[in-house]
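Read through the structure below, which is laid out as structure tokens, and then see the notes.
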Amino acid sequence: MPKTANKLTNLGVKDIRDGVAGGDFTAREVAEAFNAAVAEAAALNAFIITTPDHALAAADAVDAKRAKGEDLGKMGGVPIGMKDLFATRGVQTTAASHILEGFTPQYESTVSQNLWDAGAGMLGKLNLDQFAMGSSNETSYFGNVNSPWRKEGSNAAMSPGGSSGGSSAAVAARIAPAATGTDTGGSIRQPAAFAGITGIKPTYGRCSRWGVVAFASSLDQAGPMARTVEDCAIMLEAMAGFDPKDATSLKMDVPAWEAGLSADLKDKRIGIPREYRMEGTDEEILKSWEQGKEWLRDAGAEIVDVSLPHTKYALPAYYIVAPAEASSNLARYDGVRYGLRDLPDGAGLQDMYAATRAEGFGDEVKRRILIGTYVLSAGFYDAYYNQAQKVRTLVSRDFAEAFGQCDAILAPTTPTASFPLGSLNDDPLTMYLNDVFAVPASLAGLPAMSVPATVNADGLPLGLQIVGKPFDEQGVLNAGLAIQQRANFTAKPEKWW
Ligand code: GLN
């Protein structure tokens, strides 16, 4: 292991990229340092499989380019974790389900390909909630991820959030400088908040969904998870871009978000949605929200009251729309084409489908399929699915009206800090409520980011959320940067793994 290993694993995306380009260290040294850190951190269960050779090969390619004086790319020499929802050629892709166990795609997702083309390498495939359904990482077939964070004075295992919990845990534990996430109804922002890291879900359509295992196609969106706003801006630039293979991909150039970063919010108005003051929200979270307003005011912004009147209907509508789309998307797992096949003795085709699906899907996935099938069934379609689609339109309209009065919205990311693993298993409703602040922006397809703000009395991180206008990732990143500079969040989980 190189002497600089400890120092190297403390670096983020920008410092690694610049350090490799400047010759301070080689990409191989970086990859070796992170591979070693990953190998030591099995207790976190953040990775379903590790791919140290992929990281090394990508690093060697970058070092070779540097020797020839060639451009190293936006992510040149940065090894990352890849959420195991992205199809990776020749590398098992499971969506953390048993039904896809052993599935090795013949193709690469557009987002992961973009990252490799930008000079990144892969440390491994990160654990997640099964098919990205969950908020705690406990629905994975491969066991829960353990958050690197613990309450002060306690050894209780905590949730890293979900569904991108392997991603949040790996980045917080500094076994990966950054990771990909996907966000359907909060799965980048909520785990980022729980783990004290930064994550942005861009506008729907910015990142191609091609090769990403589908959960709810009208909501699914990929984005970066890293330790700083700058790192997220760099990585998002590498991930995003028009893709003719995704019918909902935005035909727009990728802005130079990194170059456009500015924490000066003069002439910006930040909206505070009054309906987000909800019962059950932790006092400390409300306090950090107040603090966030002060920080943004200090950065030059004017704070204004806005109203998002349909907020309370967003979560129920999400839990109709998302399962409806999931029930349709997951129909393809039938034991014929991918992964698992359960063919009981003497069974026919229908029995094989049923046995494979009974065996291959976890309980939460089955719950979603049942809900989704029900709300789409003849007789209930109008009462549930159509109604939820109408609510979705109203939620979008609320945002459009609010953005007449402000440039971005500030809210908490979650109603509570991380919770102990196992504590919400019998209470799916409270689990679902975790995404109450995240889901409205998902339904409206808006860019939204979580930035670490502070730690609570237990020493656990709390995040603040910025929601922006469509296509205004820059505005979101800039407000996030203003918070980052003032929050000065330096807390780290103490190493126990
Ligand atoms: N926790 C939410 C759910 O279970 C959101 C998940 C996600 O964004 N993938 O559906």
Using the count of nearby Cβ atoms within 10 Å as a rough guide to exposure, how do Glu108, Glu302 rank from fewest to most?
Glu302, Glu108
Sequence of Thr454, Thr184 once ranked by neighbouring C-beta atoms within 10 Å, starting from the fewest
Thr454, Thr184
Given the Cα-Cα distance of Ala457 and Asp267 and 0.36 nm per residue of separation, how much length would full extension add, in nm?
64.9 nm
Among Cys232, Cys207, which comes first, then next, by fewest other beta-carbon atoms within 10 Å?
Cys207, Cys232
D_trans [Stokes-Einstein, Kirkwood Rh over alpha-carbon pairs] for region 313-386, 25 °C, 0.890 mPa s, µm² s⁻¹:
185
Show me the trypsin sites (Lys or Arg not before Pro) within region 192-259 that DSSP assigns to loop and that have at most 15 other Cβ atoms within 10 Å of their Cβ.
Lys245, Lys251
Would you please classify the overall shape of the chain from the alpha carbon gyration tensor, given that a ≥ b ≥ c denote the square roots of the eigenvalues, rounded means a/c under 1.5, and beyond that prolate means a/b larger than b/c while oblate covers the rest?
rounded
Give me the extension gain from Ala43 to Ala400: residue separation times 0.36 nm, minus the current Cα-Cα distance, reported in nm with one decimal.
124.0 nm
Filter the cross-link list Lys74/Lys201; Lys83/Lys390; Lys83/Lys366; Lys14/Lys492; Lys125/Lys245 down to pairs whose alpha-carbon distance in this structure exceeds 26 Å.
Lys83/Lys390
Looking only at the chain, where both bridge partners belong to it, what percent of the DSSP beta bridges are antiparallel (to the nearest 5)?
70
Return the distance in nm (one decimal) between the two label points of a simple spin-label model at Met252 and Asp351, each offset 7 Å from Cα along Cα→Cβ.
5.4
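Just so you know, all these numbers are worked out from the coordinates, no wet-lab data involved. Remember, predicted model here, so these are calculated numbers, not experimental data. Methodologically, a virtual Cβ is constructed for each residue, glycine included, from the backbone with ideal geometry; neighbour enumeration extends over all protein chains shown.
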